[in-house]
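Read the structure below first, then the notes.
The values are calculated or read from the model by the stated rules, or taken from the named source; none is laboratory data. Because the structure is a prediction, the values reported are computed rather than measured. Using ideal geometry, Cβ is built from the backbone for each residue, glycine included, and neighbour counts are taken over all protein chains shown. Note: accessible area is taken over every heavy atom of the protein model, side chains too, but ligands, DNA and RNA are not part of it. Shrake-Rupley method; radii C 1.70, N 1.55, O 1.52, S 1.80 Å.
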Amino acid sequence: MPLSHISRFSFLVPGNYDDDNPAKGIEETLRLIELGERLGYSGALVRQRHLERGISSAATFLAAASQRTKTITLGTAVIQLGYENPFRLAEDLATVDILSGGRLNVGVSVGAPPFADLIADYVDDAPQADYSHNRAEKLALALQSLPLSDRQVSGNAAGVQTPRLRPIASGLVDRLWYGGGSQNSARWAGQAGFNLLTGNIVSGEGTDDFLTAQAALINRFRQEWAHPRPPRVALGRVILPTDSASPATRRKYADFVAARTERTKTAHGPRRTLFLPDIIGTTDEILDQLSRDPVLSLISEFRLELPYEFSAEDYGQIIEDFTRLFPGAHEVNRGLRNAG
């Protein structure tokens, strides 16, 4: 069984909503996370999206999700740090971690904001701002909540205190993740002590084969790791199980996958970006496809990535059907089918 060794299953939600009724879509996403907890998922992650119909403030959203759940870990995949002030973001994330009882996992990426030209009038960062890995390192440093002065200071109603980032979220710095797709990002993440998120997009460095490139990425990350705690790698795949889907829904899923398959046939751009085909089918068909994925043997944490712009009903059906692939569940389901 290709997933029998997986210890943690999570899912990644886009957080779609309609412009004329965002509250409905946000509420549906919160309910989806509640459903995931009931179904036995280890974690739920959200995409942070800007200038789109999706969750633009992951920390705010996850603060709400922390009050609707009890056990499931909550995370981001990913926060683009080019839009963020690392210190202020650290304060927000620390607050969410406290609210959740230490269940927060924070995935980030760096680089210039994709929409920097469109929001230039709203931000102070100049075009020559540092958008390198330094931004992630500043976030990690802030989350350590180290004293910012060797003396206590006053100046507010709370009186004299040692200045440091508060609230202090012990352990959150060890739950930072980096969304890496290249050998350089894997190298940096391993050296910096960020856990590694990798999904269905990587850079083709020395190969045009996606799975070869991704395996090399994970191996490089582990080679560079030099920290007391064990390195963590979470692998993401876009999977559309069809066991309980209606015929119309199956056709929609098939059309979605077909529209995205062409991009998987060649490397793109100067970074030679490679895309992995989406996986669609029944539980048996999905297991057959996953059995040919050599990267699965390199990881123990798996992330089901939900497509953009599907309905809440589709997302519920996908995450519920996917639980049939949890270790042990498939054998139970097959026995029930055979008995029937």
If each of residue 38 and residue 1 carries a label point 7 Å out from its Cα toward its Cβ, how far apart are those two points in nm?
2.4 nm
Identify the trypsin sites (Lys or Arg not before Pro) of the stretch 90-158 meeting these criteria: DSSP loop state and at most 16 other C-beta atoms within 10 Å of the C-beta.
151
Mind checking the stretch 1-82 for trypsin sites (Lys or Arg not before Pro) that DSSP puts in a loop (not H, G, I, E or B) and that have at most 12 other Cβ atoms within 10 Å?
70
Find the centroid of the Cα atoms in the stretch 113-177 and in the stretch 221-288, then give the distance between the two in whole Å.
34 Å
Per the rule of 0.36 nm per residue minus the C-alpha distance, extending residue 282 to residue 70 adds in nm 73.2 nm
Can you pull the accessible area of residue 150 for me, 1.4 Å probe, Å² to the nearest 10?
150 Å²
Can you work out the FRET efficiency for the pair residue 160 and residue 49, with r the C-beta to C-beta distance and R0 = 51 Å, to the nearest 0.05?
0.75
Just the number please: accessible area per residue for the chain, 1.4 Å probe, all protein chains included, in Å².
48 Å²
With R₀ set to 22 angstrom, the calculated FRET efficiency between the beta-carbons of residue 8 and residue 174, to the nearest 0.05, is 0.90
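How much length is gained on full extension from residue 329 to residue 250, taking 0.36 nm per residue of separation minus their Cα-Cα distance?
Details: separation 79, 0.36 × 79 = 28.44 nm, distance 2.25 nm.
Stretched fully, the residue 329-residue 250 segment lengthens by 26.2 nm.
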The simple spin-label model distance between residue 313 and residue 229, using points 7 Å out along Cα→Cβ, in nm, is 4.2 nm
Evaluate the Debye formula for the stretch 46-155 with equal point scatterers sitting on the alpha carbons, no solvent, and hand back log10 of I(q)/I(0) at q = 0.20 Å⁻¹, in q order, two decimals.
-1.10
Long-range Cα-Cα pairs in the stretch 1-46 (distance over 14 Å), rounded percent
56 percent
For the chain, find the longest principal axis of its Cα atoms and tell me its angle to the long axis of helix 22-39, 0 to 90°, nearest 10.
70 degrees
Compactness index (Cα Rg / 2.2 N^0.38 Å), the chain:
1.03
Estimated 222 nm signal from helices in the chain, with DSSP H stretches of n ≥ 4 weighted -39500 (n - 2.57), rounded to 500
-11500 deg cm²/dmol
Can you give the FRET efficiency to the nearest 0.05 for residue 123 and residue 266, using r as the Cβ-Cβ distance and R₀ = 51 Å?
0.90
